[in-house]
1. Which distance in nm do the two modelled labels at Ser34 and Arg188 give, with both placed 7 Å along the Cα-to-Cβ direction?
2. Nearest 20 debye, what's the magnitude of the dipole of the chain about its Cα centre given +1 on Lys and Arg Cβ and -1 on Asp and Glu Cβ?
3. For a quick check: with amide H placed at 1.01 Å from N, whose amide H comes under 5 Å from Ser40's, ignoring anything fewer than 5 positions away on the same chain?
4. Straight-line reach from Lys125: which lysines fall under 26 Å, measuring Cα to Cα and dropping same-chain residues less than 8 apart?
5. Given the DSSP H assignment, sum -39500 (n - 2.57) over each helix run of at least 4 residues in the chain and divide by its residue total; what's the result at 222 nm in deg cm²/dmol, nearest 500?
6. Which one of Gly193, Ala88, Asn206 is farthest out on the positive end of the charge dipole of the chain, using unit charges on Cβ (Lys, Arg +1; Asp, Glu -1) and the Cα centre as origin?
7. Convex hull volume of the Cα atoms in the chain, per residue, in Å³?
Amino acid sequence: MSSEITSLDQPLDVMFLIHKALRAEAVRTEKAVSDLEDGSSLQPFKLAFNSWATALLYHAEAEMGTDMAGPEVPADGESNLAARVKSALLAQEEAEHLELVEKVQEVLTVLDEDIGATSVITRTKQHLFRQVVALRITQEDHLESEEALILPMVRQRLTEEQQLKVARALLIDDQADDPRWIVEWVTRDLSSGEQNLLADLEVRLNGSAPSNG
Ligand SMILES: [Fe+2]
């Protein structure tokens, strides 16, 4: 799934770049658990997991906070059935987001309760490994269903301008000290060609900044 993304046909296709970075984080975190040995420091794992979980939770929250769903009323020419399918898909998306939050919480619980101390024993490592794999699989299922089911629907429903707004919410964190942290984070896992696509899009986002921000 780490194939090169060579164009962003529509602004919301930036999702593929973000998902690529999320997948890379999952691989790094799983590797960080595998590398744990009896008595070794948990710090490298904690750093990897923290980076992944922070980005994942921001992403899930940003998606629910945007009008990715489009208007609530059926769009022109949209049948009742199509509107129902849409709301069922969005309900599924929300359920998947909640599941991701739960899985993140489960890893944190292992870190807090099972370990407490700073060094690793085999049982802890196995416990941690199980939860991290569960989170990675939940994430993969979610990214796949979003790419296959949600994105095509959203691309069709939102105008270019609306898509830029959503893309901005996904990439710029107005609440953070450094609002560009997501852009920087995504960039790390992109090829130079993909970095150019992201940079070009970022320039266009400035036109869709919220007027009060
Ligand atoms: Fe997404």
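Just so you know, all these numbers are worked out from the coordinates, no wet-lab data involved. Just so you know, these numbers come straight off a predicted model, no measurement behind them. In this analysis, Cβ positions are derived from the backbone assuming ideal geometry, glycine residues included, and neighbour counts consider all displayed protein chains.
1. Distance between the two pseudo-spin positions: 1.9 nm.
2. On the way: 19 positive and 39 negative charges, 60 e Å.
In total the dipole reaches around 280 debye.
3. Answer set, sorted by chain and number: Val120.
4. Lys31, Lys46, Lys103
5. Numbers: 8 runs with 138 residues, N = 213.
Computed mean residue ellipticity for the chain: -22000 deg cm²/dmol.
6. Comparing the listed Cα positions along the dipole, Gly193 ranks first.
7. That works out to 131 Å³ per residue.
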